[in-house]
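Written below as structure tokens is the structure these notes are about.
Every number in this text was worked out from the coordinates using simple rules, so none of it is lab data. Predicted model, so just to flag it, every value in this text is computed and none were measured. Neighbour counts run over all protein chains shown; Cβ positions are idealised from the backbone, glycine included.
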Amino acid sequence: MAAAAPPMVGQRVPTIDKKKYQTIFPQYIDANLGPKYGRRLTKTQSVESPTLEEMVLSLRQLGYTEVYVNPRASLPCAQSQLRQVPAPRGAIKVAIKLPADAHYIKKSDFDVQTRDITVEGLPNKSEVLRRMAEIIKTRVVNRPQPINMTPAHQPKEGSGNAIKGPSAPAASKRR
């Protein structure tokens, strides 16, 4: 019997094992927010206003097959902040590491075994977030690019068409 495809945005999230999945919120990679408001990457690594669809596509490109979207969930600290009204909604559940009890039997209480990763080369959530943001920046087509705020034409100093401010006295004395 073939497994059902994971739900996309707008579909109901099935009951899943919480130990198996980690939650990723769009605020984690949003360049418009500060660390106080949920961003976990640097501004240069982050993406401006990522959408759930872009995040799901980037996770699939990284090799994750079990990706679940919960469009109603929101980052807890975003629910009470006045910076973004209304608070952004949506969360993605993804299996970054296997559950601790799924692959290893402890030999003693002192046995400290780490959990196996599900996709080779992505050992933790921080690396997954970095690679997601990189994919969204480079590979998602029709993504709005940041606006360059430098003027297209800057007149040279000493040219006749330069805008000059009010002239100040050459030597001003301070008291």
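Name all residues of region 47-74 having a backbone nitrogen under 14 Å from the label point set 7 Å from the Cα of ARG89 along its Cα→Cβ direction, giving them as ranges. Within reach of a label on ARG89: 52, 70-74.
In a fully extended conformation the segment linking CYS77 and LEU98 would gain 4.8 nm over its present Cα-Cα distance, using 0.36 nm per residue. Spin-label pair THR15-THR65: with each label point 7 Å from Cα along the Cα-Cβ axis, the two points sit 2.4 nm from one another. This ranking places ILE29, ILE136 by how few other beta-carbon atoms lie within 10 Å of each, fewest first, which gives ILE136, ILE29.
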